[in-house]
Amino acid sequence: MKVKEKRIDEGRLSLDMLIGLSIFLFAFIFIGQFLPSVFADARSEISVFAEAYKVSVLLTEDPGRWINRANTSEKGFHWESEWYKDNISFRPGLARVGRAGFISLNKLMEFKNATLHYGGSYANDTWIRDVFGLDSPSNSYHVNISLLIPYSTSYNQYYSRNNSGQNVLTIGPPIPNKKVSRYERLVNLPVYSDFIQHYANLPNNVNYRINSTFPLGGALLIVRNTSNIHAQCWVEVRVNLTNTTSLNSTYETVYELGDRVGSTCDITNLTGIYPLTRELNEGYEEVYENFTQTYNELPDNQSVVVRIKNLNCTFALSNVGEIIGDLSSNEARIVSKLVVTVWEG
Amino acid sequence: MVKKSLRKGERKRELRNDESGQVLILFSLIVATLIASLAILHAQNLIAGVESSRAFLSFPKDDIRNLKVIARLDFQHLDCDAEEKLIDQIKLLYASKGTYVDFETISSHHYQLVYSNSEVYFTESLYVEDEDIWLPSGGGGGAS
Amino acid sequence: MIRVMSDEKGQAFTLEGITAALLILIVTYTLFESSVVVSPIWSEYGDIQLKQLGYDVLRSLDVHRTNMNLSACPDTQNITRNSLQYMLIQLNTSNPQPNQEFLNALDMMLDPSIKKRLEVYWVNQSNNNTIEHLVLINNTPIPDAVGVSRIIVLYPCDVTSSSPFYGSFTNDTALAVEVRMILWHV
């Protein structure tokens with residue numbers, strides 16, 4: 001009797017021991033597996049983030065440097081007109097000399113040319129990695145540098161495009177679908193004719209139609225003066241969508257200025273510089289929804305219609321960025337997002 | 001069957017006497033301490049790795065550029081007296097944030113910008129008329 | 001007696017296994033969530049990105065008038081409505097609010113996940129140089145928020161008698177207005 005009970009006792013003991021131990025081991029192994037991966041992630045992301053920050057600062061805040069190796073007293077900031085000559089060492093930077101955050105057009109163009117020259121294509125980031133010191137013995141990175149319109153968000157990206165529909169700046173391989181470090185800067189580009197999709201001084205009475213692509217980078221209406229203050233004056237801006245096959249068409253008025261009832265023109269209160277980017281982009285989304293719901297098809301022509309009565313105006317659209325300032329003044333600028341993305345691989 | 005159950009005190013004593021399982025707790029304690037100390041070491045390592053980015057938080061590059069742009073673009077619209085008063089206002093605004101800022105006039109169109117707080121002491125000579133005001137000092141070389 | 005005892009021994013072992021497992025899990029969890037080890041670095045990263053972006057926004061919206069004609073002021077007609085200058089000039093003492101065009105530009109440049117608070121500070125020159133301030137966008141920041149600022153110079157002809165800056169000018173001086181923006185992620 002006593003012996004039998006003892007045997008049962010021992011058996012139970014080992015089973016409980018087993019359960020207890022396995023619960024402990026299970027937790028222990030789980031932590032063991034989980035811990036290194038968490039640290040490895042943090043480590044790579046943190047070091048990559050610093051690289052993305054560095055590249056963005058060198059590009060947007062620094063004019064770059066060049067030096068003639070054969071005659072070291074020849075040196076300076078304007079590498080864009082020297083880099084292709086013999087014996088020249090240079091590091092690119094895109095900022096205007098002494099104005100951090102303001103991009104020099106020549107430097108931007110030559111930066112693209114140099115990438116093509118050393119890498120063969122914009123998608124090749126070998127030269128960029130080399131010149132910004134991203135290659136080190138222990139790590140290898142890839143970098144993508146792109147210019148986006150400010151309407152873009154981190155999950156919805158729209159490239160800045162010039163008048164021929166090409167990306168203004170996209171350098172480096174496509175961004176992979178894995179963990180990357182993304183550093184975003186706002187840069188000020190000069191008002192360059194190729195960055196302004198449409199720029200027109202509109203006369204007194206006009207119904208002006210501009211084919212455009214949405215979302216827009218920027219839109220600006222400048223009301224300058226009137227020819228007759230004793231008559232109605234107004235501006236109306238519409239977004240118009242059409243399917244060119246079925247000829248179905250929908251429009252919506254997204255902006256109105258002035259008084260269409262009275263018989264005088266309040267020009268002092270109307271004169272001014274009006275940004276319309278948000279109105280047009282939000283209007284487009286509404287019209288698009290209306291169109292697809294009404295006609296069960298997609299529009300293939302997008303246009304902005306500006307109707308002007310008795311006012312002299314200037315109207316400008318850009319697919320590069322937000323237009324800030326009167327385009328004729330030299331402090332005017334186009335604001336875009338310069339996004340530097342760096343990842344390990 | 002001797003007894004249906006133990007009394008409360010006896011049961012407690014039985015649990016207390018059973019010490020063999022506590023090696024598990026002991027072991028887990030050791031492992032936990034190890035993880036904790038490793039994590040702290042690792043964190044210090046991380047902090048050391050991001051010095052360059054942290055420097056940005058303490059060096060006021062954007063404030064200084066803002067001041068330089070004011071000297072370059074706004075002083076030209078003002079006479080001597082108004083310029084003096086503008087500098088006084090800027091001094092006061094920065095003083096309220098614990099920073100000493102001054103444009104010391106050296107001669108006309110030539111200033112010494114001073115920016116000083118608990119972390120940074122910075123001075124730069126500004127020639128307002130000269131385009132070279134924009135050049136970072138000492139690194140420029142020729143005009144081209 | 002023996003049966004009962006063996007039952008309790010078994011429970012004791014399982015109990016210790018669970019205790020040990022919990023101990024490790026809790027320690028690891030606390031470490032990852034604690035401010036000592038990882039979180040300050042992460043929040044600082046967010047800070048660096050956000051602070052730089054804030055300075056970038058203020059710089060882009062600061063449009064100087066290079067060829068300003070001081071006699072032709074107020075100059076609101078020639079100042080773009082999405083600039084800091086226009087936003088400051090159009091402020092009204094009775095209800096100081098930024099204009100919609102300025103807010104649109106601000107919203108477009110900052111991701112929708114970023115919240116902001118906007119304040120202006122200036123020196124009242126006719127009241128013994130006291131610093132006055134106005135809150136233009138009144139959101140309550142979280143402790144992780146970052147602040148950026150930029151000084152904008154206003155000229156006496158820029159402001160009308162309805163402007164909150166009107167009384168702060170003495171004759172023919174300029175006014176330095178500090179625009180302070182506090183940003184944080186939600």
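We did not get these values from a lab; they are worked out from the coordinates using the rules stated. What you see is a predicted model, and the numbers here were worked out from it, not measured in a lab. Glycine gets a Cβ as well: all are built from the backbone with ideal geometry, and neighbour counts include every protein chain shown.
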Practice problem: Would you mind putting A:204-213, C:86-95 in packing order, based on average other-beta-carbon counts within 10 Å, highest first? | Solution: C:86-95, A:204-213
Quiz item: Quick one: A:Leu216, A:Leu116, A:Leu147, A:Leu257, fewest Cβ neighbours within 10 Å first, how do they rank?
Solution: A:Leu116, A:Leu257, A:Leu147, A:Leu216
Quiz item: Quick one: if the Förster radius is 51 Å, what FRET efficiency do A:Asn167 and C:Ser126 give, using the C-beta to C-beta distance and rounding to 0.05?
Solution: 0.45
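What does the C-alpha gyration tensor say about the overall shape of chain A? Classify as rounded when a/c is under 1.5, otherwise prolate if a/b is larger than b/c, or oblate.
Oblate, because a/c is 1.5 or more while a/b does not exceed b/c.
So for A:Trp234, C:Trp184, fewest C-beta neighbours within 10 Å to most, what's the order?
Details: A:Trp234 17, C:Trp184 21.
The order, fewest Cβ neighbours first, is A:Trp234, C:Trp184.
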Exercise. Please report A:Cys233, C:Cys157, A:Cys265, B:Cys80 as a ranked list, fewest other C-beta atoms within 10 angstrom at the top and most at the bottom.
Key: B:Cys80, C:Cys157, A:Cys265, A:Cys233
Quiz item: Tell me, what HN-Hα J-couplings in whole Hz come from the Karplus equation 6.51 cos²θ - 1.76 cosθ + 1.60 at θ = phi - 60° for each residue of segment A:196-205, using x for Gly and Pro?
Solution: 9, 5, 9, 8, 9, 8, 9, x, 3, 10
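Which of the helices in chain A, when you take each full DSSP H run, stretch at least 15 Å along the axis at their Cα atoms and have an average Kyte-Doolittle score of -1.0 or higher?
Helices meeting the criterion: A:2-61, A:105-119.
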Quiz item: Roughly how crowded by other chains is peptide C:157-164, in terms of the mean Cβ count from those chains within 10 Å of each of its Cβ atoms?
Solution: 0
Self-check item: Cβ-based net charge around A:Val168, under 15 Å, with every Lys or Arg adding one and every Asp or Glu removing one
Solution: +3
Self-check item: Per-pair calculated FRET efficiency, R0 = 51 Å: B:Gln22 and B:Glu104 via Cβ, rounded to 0.05
Solution: 0.10
Exercise. Any chance you could tell me what percent of the C-alpha pair distances in segment A:197-319 go past 25 Å?
Key: 27
Self-check item: Averaged over B:23-35, number of beta-carbon atoms from partner chains that fall within 10 Å
Solution: 6
Quiz item: By per-residue mean of other Cβ atoms within 10 Å, what is the highest-first order of A:219-229, C:128-138?
Solution: A:219-229, C:128-138
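Would you tell me the mean number of C-beta atoms belonging to other protein chains that fall within 10 Å of each C-beta in B:81-91, as a whole number? Before the final figure, lay out each step's value.
Details: counts 3, 7, 2, 1, 10, 7, 1, 5, 15, 5, 2.
Mean shielding count: 5.
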Practice problem: Among the listed pairs A:Lys112/C:Lys116; A:Lys309/C:Lys116; A:Lys107/B:Lys68; A:Lys75/B:Lys61; A:Lys54/C:Lys116; A:Lys85/C:Lys51, give every one whose C-alpha distance is greater than 32 Å. | Solution: A:Lys112/C:Lys116; A:Lys309/C:Lys116; A:Lys85/C:Lys51
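Give the residue list of chymotrypsin sites (Phe, Trp or Tyr not before Pro) in segment A:61-133 that are DSSP loop and have at most 13 other beta-carbon atoms within 10 angstrom.
Values: sites: A:Trp66, A:Phe77, A:Trp79, A:Trp83, A:Tyr84, A:Phe90, A:Phe102, A:Phe111, A:Tyr118, A:Tyr122, A:Trp127, A:Phe132; in loops: A:Phe77, A:Trp83, A:Tyr84, A:Tyr122, A:Phe132.
The qualifying sites are A:Tyr84.
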Quiz item: How far apart, in nm, are the 7 Å Cα→Cβ label points at A:Val206 and A:Leu116?
Solution: 3.4
Practice problem: Give the calculated FRET efficiency between A:Thr244 and A:Leu15 to the nearest 0.05, with a Förster radius of 56 Å applied to their Cβ-Cβ distance. | Solution: 0.10
